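Written out below as structure tokens is the structure these notes cover.
The values are calculated or read from the model by the stated rules, or taken from the named source; none is laboratory data. Please read these numbers as outputs of a predicted model, since none were measured by experiment. Cβ placement follows ideal geometry from the backbone for every residue including glycine, while neighbour counts extend to all protein chains displayed.
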Ligand code: FES
Ligand SMILES: [Fe+2]
């Protein structure tokens, strides 16, 4: 009988540091919707897995990603969120960078000729877009976004693109759980009836098919909502819930699209950040669909916090995983184990 990863993998600082280096740095992270970056100078800035980063639209229309780190004495340059700038000015001593990340001024520094040699430009971060979403990757050697997305593009083909949907807004749910506690939960349907009663009631009987793609890095729930159910009326009859290792999820349907970044904030906590789009729904139904989406994340994080407290307590080491229900949890945990135990230091 397969056993779950040892509990200390969900609490230990050293494990978390290794995950940060071997998993988080080497995969792509959703930064936010591209519609926030329409104009030259528009930026999106956030802290992801401890890296403060921003993506900026240049005068030439190009998107560029940077670490939000001044090359003088490391101050953050921009505040988290979306905004628009003509240049990037450090709030500490006023060093100035242009929209391509080049250092252009060091007010009152003294002789700064040696600084203007491109050795002090902003550190770049990889950036690319897919489906109206902006993604970043810390590691410059890791696979490109298309390869990382793997089957996602094809799996989303039957559903409308973001251009055909209206943006509704974003919500954030934070919880005291390790990212794996939450992602283990994401890739199994075993918990649906007890944790998500409204969602479970919405699904047609036997109409959830869970399949993995791309060597287990992607897990898709192909669902069919029962006719006349909340799911069918708010999301459309057929639906897709897709998880991509380690921290990206989406929910797609004829009338809905939701993208989620599952973002670790240390070994004991995570932030789920969600962006939602709809079409062909009344104002009331959009509100209901949006609130419901948030409720589902809260239900998941709620149960994960109850798991995490026991993983932290030392009372529990590991438990059996069901080959019938938790095959994708087994695979997810293998991916983590391989990344951490392999010699790809
Ligand atoms: S830290 Fe940025 S100008 Fe000094
Ligand atoms: Fe769930």
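So here's what we get for this one:
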{"read-out": "In segment 297-316, residue nearest to ligand 2 (Cβ to nearest atom) [restricted to those that are touching a strand residue (DSSP E or B) at 6+ places or on another chain (Cβ under 9 Å) and within 11 Å of residue 173 (Cα to Cα)]", "value": "300"}
{"read-out": "Every pair of residues 6+ apart whose Cβ atoms lie under 7 Å, when the first sits in segment 128-140 and is at positive phi while the second is in a strand (DSSP E or B) and surrounded by 17 or more Cβ atoms within 10 Å (Cβ to Cβ)", "value": "132/33"}
{"read-out": "Helices (runs of 4 or more DSSP H) within segment 137-231 that include 1 or more residues more than 16 Å from ligand 1 (Cβ to nearest atom), under 30 Å from residue 13 (Cβ atoms) and at pLDDT 95 or above", "value": "145-149, 179-186, 192-195"}
{"read-out": "Residue list for segment 327-345, restricted to those being out of contact with any helix residue (DSSP H, G or I) (no Cβ under 8 Å at 6 or more places or on another chain) and at pLDDT 95 or above", "value": "327, 330, 337, 338"}
{"read-out": "Lone unmet requirement of (1) over 28 Å from the mean Cα position of the chain (by Cα); (2) within 23 Å of residue 25 (Cα to Cα) for residue 72", "value": "(2)"}
{"read-out": "Pairs where the first residue, in segment 218-237, is at positive phi and the second is in a loop (DSSP other than H, G, I, E, B), C-beta under 8 Å, 6+ apart", "value": "236/254; 236/255"}
{"read-out": "Residue check for residue 60: at pLDDT below 95, surrounded by fewer than 16 Cβ atoms within 10 Å (Cβ to Cβ), out of contact with any strand residue (DSSP E or B) (no Cβ under 7 Å at 6 or more places or on another chain) and at negative phi", "value": "no"}
{"read-out": "Per-region count, segment 190-209, residues within 12 Å of ligand 2 (Cβ to nearest atom) and over 20 Å from residue 234 (Cβ atoms)", "value": "3"}
{"read-out": "Matching residues in segment 81-127 - criterion: being within 16 Å of ligand 1 (Cβ to nearest atom) and in a strand (DSSP E or B)", "value": "88, 89, 96, 97, 103, 104, 105"}
{"read-out": "Residue that is in a loop (DSSP other than H, G, I, E, B), more than 10 Å from ligand 1 (Cβ to nearest atom) and out of contact with any helix residue (DSSP H, G or I) (no Cβ under 6 Å at 6 or more places or on another chain), where the choices are 65, 61", "value": "61"}
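Residue-by-condition table, conditions (1) over 22 Å from the mean Cα position of the chain (by Cα); (2) within 23 Å of residue 285 (Cβ to Cβ):
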residue: 182; (1), (2): no, no
residue: 197; (1), (2): yes, yes
residue: 206; (1), (2): yes, no
residue: 216; (1), (2): no, no
residue: 219; (1), (2): no, no
residue: 238; (1), (2): yes, yes
residue: 243; (1), (2): no, no
residue: 252; (1), (2): no, yes
